[in-house]
Protein chains: 2
Amino acid sequence: MHAANPDVSFEIHAREGAARTGVLKLGRGAVRTPAFMPVGTAGTVKAMYVDQVHELGADIILGNTYHLMLRPGAERVAALGGLHEFSRWQGPILTDSGGFQVMSLSSLRKLDKDGVTFKSHIDGSSHRLTPERSVEIQTLLDSDIIMQLDECVRLPSTPADIERAMRLSLDWAERSKRAFGVQPGKAIFGIVQGGDVPALRVASAQALADMDFPGYAIGGLAVGEPQAVMLAMIETVEPHLPAQKPRYLMGVGTPDDLIESVSRGVDMFDCVMPTRAGRHGLAYSRFGKINLKNARHAQDPRPIDEASACPAARDYSRAYLHHLVRANEILGMMLLTWINLAYYQDLMAGMRAAIAAGGFADFRAGVKEAWARGDIPAL
Amino acid sequence: MHAANPDVSFEIHAREGAARTGVLKLGRGAVRTPAFMPVGTAGTVKAMYVDQVHELGADIILGNTYHLMLRPGAERVAALGGLHEFSRWQGPILTDSGGFQVMSLSSLRKLDKDGVTFKSHIDGSSHRLTPERSVEIQTLLDSDIIMQLDECVRLPSTPADIERAMRLSLDWAERSKRAFGVQPGKAIFGIVQGGDVPALRVASAQALADMDFPGYAIGGLAVGEPQAVMLAMIETVEPHLPAQKPRYLMGVGTPDDLIESVSRGVDMFDCVMPTRAGRHGLAYSRFGKINLKNARHAQDPRPIDEASACPAARDYSRAYLHHLVRANEILGMMLLTWINLAYYQDLMAGMRAAIAAGGFADFRAGVKEAWARGDIPAL
């Protein structure tokens, strides 16, 4: 798909409306789209063995440059053979640029036109990220999809602030792409910014399209705005992104966000929601979101979902999960994270199959109806 | 082995010195001895899936009556089908009596001749344990080996205190056995007390032997005394326990404790050490105990033990484990707990095979030599 990377390709096999299903081929393996990437923040998808993540059907996971550059350090990961060798995840890995978490996690950050200087939230040490250094770190990690450094503003922000950050991100997009150079089997994605201002979103998308990236992300959403605003921005951007390139909506989202975004042409997602919720007593299911801390589950011998293929959702009673969550047992986090990632991957597989069969509209309606009906009645 | 329980038996297949190997058959399955029982405090062996525990070769696990009676409650577990159904552990389960943890964990406890009244460490609620109620709770949990309620004194204590507690424990042994009655496929064990006073240990063992229990535990050790005192007490007690009945050393211990105790005739063990250490960055191995927090592992691509059959010990670099421990990642606890339980089970399997082959003395010497050599040299 990219002249310099003949070994990277994106094939779209079927479409229904704006939704599409296909395969993104990278040197390390194929990613079936629409795809949900479990988040492996610091070299581990929290509370999961790496083999489990693979067995759930995840083709690609995400690593966080900010966390990994601070601990254990990009050069150290490189010396140990890269992030795949380090974590034993054999499939493709996408890494973010680090910019988003510099803004959300670090202390004393200072942005300039060349990059950002910040202090580590772990030990207060000083670090600097520039577009070139971010690409270098991601290359040291041996990432398969590298993200450009960008500046992501929180919403609401003033149009002037949003435009300034969007223009800076475009400059950094060019610098990132240049720094990436030619890396066989790997890809770099540009990131559309522009907040909730349609004209800025369009300008960003068009400018990035002119730079001819192998893939495009939509950034700066799910940062506090209502879902309707997020979906409107996707609709605004979609016609201006090259139709034959993958589209990745960063940091999104709920199961409903995923279905609605796929129906608007998004191909890839990442989000901490299923893993984080799993560590806080919450299960995602075809019955909606279930709070295992709730007393209604304390004596319930039924599983989360007897029809699930995930042993954690099918074989353990709600009463047991309730007990583990109440007792703050690690196994509770392990089982609920497993349940949630299984549900997310099943949802993506369901969308892929439905689009391929021309039944996505029905699938979407059926899934949303089941959520609306809610959980099975209490005993 | 017990007239009232023809479906419970203990067969000794081979002996070497005082060490022996055999099989304890219970209604729910066979326990190969010497056996190490992983501790499943609150209905879960912490940070492990139940299938993993089974696959490591554990035939039996331990549950803590104190924790389970407080949360989720014995009657609730019974209503949910018992502890096996609740936790999905299909093999035998031994439960302790609750007495030890009442003394170590609860607040405001008051002991009398009939039992002990205490306040929960979780919510301050009042509870009472008597010999009869302890057996009732363990029966509600559907435990396969029920332990008598006893009073365990910390060491050092005065001989008078030790004797008083030992006599009380003998009285409670009789009451516990009467309360147990006849339970097909299940067993109740009496507990030898007597602190570090040989004459009291002998008196306790003889009185319990006269009561004809299906099995005997040695309690009140590993409570602060040196290893030499513990081993001396085992040697003191051993000739007075029925040779054809299983002997269980409670709450022990380090790998060296296990080898030394097996060589003195002990058949069963439980201890939180491998699981707790795994949650604190420590690995047990044939090279001894390894502290993964140590900086020497930070850049070490080698696994804990390349010859181990445990994937966690064999496939992950020390550098990765070091990183996970430093970052306080749940996966670090999962992998290290797995490594430690695998090592403990391998050690027990090694002892069983060595005794069966008449090579236990050599096995013991070889294992201890390897520990003495210590870890592989740093890179």
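The values are calculated or read from the model by the stated rules, or taken from the named source; none is laboratory data. Quantities reported herein were computed from a predicted structural model and do not represent experimental measurements. Here Cβ is always computed from backbone atoms with ideal geometry, including for glycine, and neighbour counts include all displayed protein chains.
Residue pairs whose Cβ atoms lie under 6 Å apart, sitting 6 or more positions apart in sequence or on different chains, and linking a residue in segment A:148-162 that is on the phi > 0 side of the Ramachandran plot to a partner that is part of a loop (DSSP other than H, G, I, E, B), do not occur here. The residues listed here are A:Leu94, A:Leu149, A:Leu62, A:Leu105; of these, the one that is surrounded by fewer than 24 Cβ atoms within 10 Å (Cβ to Cβ) and of a type in the set (A, V, I, L, M, F, W, C) is A:Leu105.
When B:Leu258 is tested against (1) among the hydrophobic types (A, V, I, L, M, F, W, C); (2) touching a helix residue (DSSP H, G or I) at 6+ places or on another chain (Cβ under 8 Å); (3) over 21 Å from B:Tyr343 (Cβ atoms), exactly one condition is not met: (3). Contact annotation: residue pairs with Cβ atoms under 6 Å, 6 or more positions apart or on different chains, pairing a residue in segment B:99-120 that is under 17 Å from B:Glu136 (Cβ atoms) with a partner that is acidic (Asp, Glu), are B:Gly99/B:Asp150.
Residue check: is B:Ala42 touching a Gly at 6+ places or on another chain (Cβ under 6 Å) and more than 16 Å from B:Asp144 (Cα to Cα)? Taking the combined requirement at face value, the residue does not satisfy it.
Of the set (1) modelled with pLDDT under 95; (2) among the charged types (D, E, K, R); (3) under 24 Å from the mean Cα position of the chain (by Cα), all apply to A:Asp123 but (3). Taken together, B:Ala342, B:Ala349, B:Ala313 contain a single residue that is assigned to a helix (DSSP H, G or I), away from chain A (no Cβ under 13 Å) and more than 21 Å from the chain's Cα centre (by Cα), which is B:Ala313.
Being within 20 Å of A:Val252 (Cβ to Cβ) and either surrounded by fewer than 21 Cβ atoms within 10 Å (Cβ to Cβ) or among the acidic types (Asp, Glu) (or both) is not true of A:Gly278. I want to confirm something. Restricting to segment B:34-44 and keeping residues that are in contact with a strand residue (DSSP E or B) (Cβ under 6 Å, 6 or more places away or on another chain) and aliphatic (A, V, I, L, M), which single residue is farthest from the other protein chains (Cβ to nearest Cβ)? Per the criteria, the residue is B:Ala35. Here B:Ala47 fulfils each of the conditions (1) away from chain A (no Cβ under 14 Å); (2) crowded, with 24+ Cβ neighbours inside 10 Å; (3) over 17 Å from the mean Cα position of the chain (by Cα) apart from (1).
So is B:Ala199 of a type in the set (Gly, Ala, Ser), surrounded by fewer than 17 Cβ atoms within 10 Å (Cβ to Cβ) and at pLDDT 95 or above or not? Against the criterion (of a type in the set (Gly, Ala, Ser), surrounded by fewer than 17 Cβ atoms within 10 Å (Cβ to Cβ) and at pLDDT 95 or above), B:Ala199 qualifies. Mind listing just one residue for me: the one in segment A:16-45 that is free of Cβ contacts under 8 Å to residues at least 60 places away in the same chain and β-branched (Val, Ile, Thr) and, of those, nearest to B:Ser317 (Cα to Cα)? Here the residue is A:Thr44. Residues in segment A:57-106 that are of a type in the set (A, V, I, L, M, F, W, C), more than 10 Å from chain B (Cβ to nearest Cβ) and outside any helix (DSSP H, G or I): A:Ala58, A:Ile60, A:Ile61, A:Leu62, A:Trp89, A:Ile93, A:Leu94. The residues in segment B:274-304 that are part of a helix (DSSP H, G or I) and within 22 Å of B:Phe36 (Cβ to Cβ) can be counted, and the count is 5. Among the residues of segment B:362-371, those identified as in contact (Cβ under 8 Å) with a residue 12 or more places away in the chain and of a type in the set (A, V, I, L, M, F, W, C) are B:Phe363, B:Val367, B:Ala370, B:Trp371. Examine segment B:145-153 for a residue that is out of contact with any strand residue (DSSP E or B) (no Cβ under 6 Å at 6 or more places or on another chain) and under 30 Å from A:Ala319 (Cα atoms), and state whether such a residue exists. Within segment B:145-153 (the criterion being out of contact with any strand residue (DSSP E or B) (no Cβ under 6 Å at 6 or more places or on another chain) and under 30 Å from A:Ala319 (Cα atoms)), the answer is yes, since at least one residue qualifies. Within segment B:76-110, the set of residues being over 18 Å from the mean Cα position of the chain (by Cα) and among the charged types (D, E, K, R) comprises B:Arg76, B:Glu85, B:Arg88, B:Arg109, B:Lys110. Residues in segment A:281-314 that are surrounded by 15 or more Cβ atoms within 10 Å (Cβ to Cβ) and aliphatic (A, V, I, L, M): A:Leu282, A:Ala283, A:Ile290, A:Leu292, A:Ala298, A:Ile304, A:Ala312, A:Ala313.
For B:Ala3, the conditions (1) at pLDDT below 95; (2) among the small types (Gly, Ala, Ser); (3) buried (at least 24 other Cβ atoms within 10 Å of the Cβ) are fulfilled apart from (3). Just one of (1) in a loop (DSSP other than H, G, I, E, B); (2) out of contact with any His (no Cβ under 6 Å at 6 or more places or on another chain) fails for A:Ala42. It is (2). With respect to A:Met334, is the statement that it is under 22 Å from the mean Cα position of the chain (by Cα), more than 21 Å from A:Ala370 (Cβ to Cβ), modelled with pLDDT of 95 or more and more than 14 Å from chain B (Cβ to nearest Cβ) true? So A:Met334 does not fit the description; no. All of A:Ala222, A:Ala232, A:Ala209 fail the test of being more than 14 Å from chain B (Cβ to nearest Cβ) and either at pLDDT below 95 or assigned to a loop (DSSP other than H, G, I, E, B) (or both), apart from A:Ala222.
If I go through segment A:321-330 residue by residue, how many of them are within 7 Å of chain B (Cβ to nearest Cβ) and either under 16 Å from B:Glu85 (Cα atoms) or touching a residue at least 40 places away in the same chain (Cβ under 8 Å) (or both)? Selection size over segment A:321-330: 3. Beta carbons closer than 6 Å, at least 6 apart along the sequence or on distinct chains, pair a first residue in segment A:296-307 that is within 11 Å of chain B (Cβ to nearest Cβ) with a second that is assigned to a loop (DSSP other than H, G, I, E, B) and at pLDDT below 95 for A:Asp300/A:Leu379. Checked against (1) under 26 Å from A:Gln299 (Cα atoms); (2) in contact with a Phe, Trp or Tyr (Cβ under 6 Å, 6 or more places away or on another chain); (3) outside any helix (DSSP H, G or I), B:Arg109 passes all but a single condition, namely (1). Does segment A:224-269 hold any residues that are touching a residue at least 60 places away in the same chain (Cβ under 8 Å), surrounded by fewer than 20 Cβ atoms within 10 Å (Cβ to Cβ), out of contact with any Asp or Glu (no Cβ under 8 Å at 6 or more places or on another chain) and farther than 21 Å from A:Ala14 by Cα, and which are they? Answer for segment A:224-269, where residues must be touching a residue at least 60 places away in the same chain (Cβ under 8 Å), surrounded by fewer than 20 Cβ atoms within 10 Å (Cβ to Cβ), out of contact with any Asp or Glu (no Cβ under 8 Å at 6 or more places or on another chain) and farther than 21 Å from A:Ala14 by Cα: A:Gly224, A:Asp256. Filtering segment B:46-56 to residues that are part of a loop (DSSP other than H, G, I, E, B) and either more than 13 Å from B:Ala342 (Cα to Cα) or without any contact (Cβ under 8 Å) to a residue 24 or more places away in the chain (or both) leaves B:Lys46, B:Ala47, B:Tyr49.
Return the only residue of A:Val23, A:Val31 being away from every other protein chain (no Cβ under 14 Å), assigned to a strand (DSSP E or B) and buried (at least 24 other Cβ atoms within 10 Å of the Cβ). Only one candidate passes the filter, namely A:Val31.
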